[in-house]
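Chemist: Handing you a structure now.
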Amino acid sequence: EVEELSLLSPERFLNIAHRGASGYAPEHTIPAYELGEELAGDYIEIDLQMTKDGELIAMHDSDLSHTTDVSGDVQELNLNEIRVLDVGSWFNEIYPDLANPVFSGAKVPTLDEIFTYFGKESNYYIETKTPNKYPGMEEALLQLLRKHDLLNTSLREGIVIIQSFHKESLLKIQQLDSSIPLIQLFNFKGKAKLSDAQIAEIKEYAVGIGPNFKSLTPKFVKKIRDADLLIHPYTVNEGKDMERLVEWGVTGMFTNYPDVLEKVLRER
Ligand code: G3P
Ligand code: CA
C-alpha cells in the first residue's frame, strides 16, 4: 500500500479552492465549497468574519454589500439578521452563463454549519479576517474546531490550516494551541522580499507563507523553500501563471479554478 504524503509535505502540492470553486459558483456558499472538492481542490478556503452576537461566518468582506443586496457591516448585525440574506443571486446576475437556480437564495454559512456539513473528510484552510475588529475571534474559532473534534492529533496532519495577514492573530492561535499549522499571508507591494531575520521570525510560529503571486520571483521562491517554509501564492487563475509558479517551486496555490490547476499538475 502506498502511503500518501502528508498535506504539509513540501512534496505534496496543495490545490486550495479559493472561497470554494469561486470561479464557478458564488464565493463562500456550500455549493461553491462542494464544487471545489468535486473539481479536485484539496482544501476549502474560508474567510472568517464575526457577527455582533459573536458567531463566526464565512464571508470575504466585512461590508455586506459585496455579496448581498443590503449595505452595512457584519459586526453591526446579529446572525439571525444575516441569515436571511441571499449571497447567491448576485452571481447569477453578473455571470448569466454560469447561473444556476440552486445559487439564488444561498445563505451565508456559519463556520459551525460548514464543519457539520463537510465533517472530517474535508480539509480546511481558514483565514482570520480583520481580527483587530473582532476581539475573541481566535478563541471562538478554536472552540468550534474543538467542538467538531478537528484538532484531534490522530487525524491527518494538515486537516486544518489557519492563515492570516495579521501576525498577532496567528500568535494568539499558537498560544491557544501550538499544534495547528499556521500560514503568514503577505501582500507585497512590488517584488516580494523578506530578510533572513524576518524569515527566522516567521519560522518561530508558521509553517509557511501565502504571498500575492504577482510579487514573486524564482529567487524569492527558492529562498523560502531553502528556509524549509511552504509557499502558497494567491490567487492564481490562469494556467500559464500556474505553470510558471509550479516550475519555480511553490508548494501549493489558491485558485478560483481548482480544475484548471489540477490539469496543469496532471500534464506536467
Ligand atoms: O487567503 C489568501 C487570499 O485569499 C488572500 O486574499 O482577499 O482573497 O482573502 P483574499
Ligand atoms: Ca482568503
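The values are calculated or read from the model by the stated rules, or taken from the named source; none is laboratory data. All values derive from a computational prediction rather than experimental measurement. Reconstructed Cβ throughout: ideal geometry from the backbone, glycine too, with neighbour counts over all protein chains shown. Only protein heavy atoms, including side chains, enter the accessible area calculation; ligands, DNA and RNA are left aside. Shrake-Rupley method; radii C 1.70, N 1.55, O 1.52, S 1.80 Å.
Chemist: Between region 235-268 and region 94-138, how many Å separate their Cα centres?
Modeler: Using only Cα atoms, the two centres lie 23 Å from each other.
Chemist: Please give the calculated 222 nm ellipticity per residue for the chain, where each DSSP H segment of at least 4 residues contributes -39500 (n - 2.57) and the sum is spread over every residue; nearest 500 deg cm²/dmol?
Modeler: Numbers: 10 runs with 85 residues, N = 268.
Calculated mean residue ellipticity at 222 nm is -8500 deg cm²/dmol.
Chemist: Let me ask another. So, by mean Cβ neighbours within 10 angstrom, what's the order for 185-192, 52-59 with the highest one leading?
Modeler: On the way: 185-192: 13.6, 52-59: 20.1.
The most tightly packed comes first, giving 52-59, 185-192.
Chemist: Sticking to Cα atoms, compute the Rg of region 1-73 to one decimal and its Dmax as the biggest Cα-Cα distance, whole number, in Å.
Modeler: Radius of gyration, then largest Cα-Cα span, for region 1-73: 15.4, 54 Å.
Chemist: Right, here's the next one. Can you compute the radius of gyration and Dmax for the chain, using only the Cα atoms, both in Å?
Modeler: Looking at the chain, its Cα Rg and Dmax stand at 18.0, 54 Å.
Chemist: Given the peptides 116-122, 219-225, arrange them by the average over their residues of other C-beta atoms within 10 Å, most packed first.
Modeler: Ranking, from highest mean packing down: 219-225, 116-122.
Chemist: Let me ask another. Can you give the translational diffusion coefficient of region 204-268 in µm²/s, computed by Stokes-Einstein from the Kirkwood radius over Cα pairs at 20 °C and 1.002 mPa s?
Modeler: Roughly 180 µm²/s, to the nearest whole number.
Chemist: GNM on the chain, C-alpha springs below 10 Å: top fluctuator among PRO96, PRO211, PRO31?
Modeler: Answer for the Gaussian network model of the chain: PRO96.
Chemist: Using a Förster radius of 35 Å, what is the FRET efficiency between ARG268 and ASP73 based on their Cβ-Cβ separation? Nearest 0.05, please. Walk me through the intermediate numbers first.
Modeler: Numbers: r = 44 Å, r/R0 = 1.26.
Computed FRET efficiency for ARG268 and ASP73: 0.20.
Chemist: Under a cut-off of 29 Å between alpha-carbon atoms, report the lysines in cross-link reach of LYS219, not counting same-chain residues fewer than 8 places apart.
Modeler: LYS167, LYS189, LYS191, LYS193, LYS203, LYS240, LYS263
Chemist: Would you compute, for the Cα atoms of region 93-211, the largest minus smallest coordinate along each principal axis and list the three values in descending order, in whole Å?
Modeler: If we take the Cα atoms of region 93-211, the spans are 52, 40, 29 Å.
Chemist: Related question: So if each residue of separation counts as 0.36 nm, and I subtract the Cα-Cα distance between GLU81 and ASP63, what length gain in nm does that give?
Modeler: Result for the pair: 5.1 nm of gain on full extension.
Chemist: Quick one: pull the percent of accessible area on region 216-268 belonging to carbon and sulfur, 1.4 Å probe, ligands and nucleic acids left out.
Modeler: The computed percentage sits at 46.
Chemist: Another question, if that's okay. Quick one: angle between helix 167-176 and the longest Cα principal axis of the chain, in degrees between 0 and 90, rounded to 10, please.
Modeler: Orientation of helix 167-176: about 90 degrees from the principal axis.
Chemist: Next up: Extending each Cα 7 Å along its Cβ direction at GLU38 and LYS240, get the distance between those two points in nm, one decimal.
Modeler: So the two model labels end up 3.0 nm from each other.
Chemist: Related question: Largest first and in whole Å, what are the equivalent-ellipsoid semi-axes of region 132-268 based on the Cα gyration tensor, each being the root of 5 times an eigenvalue?
Modeler: Value: 27, 19, 14 Å, ordered largest first.
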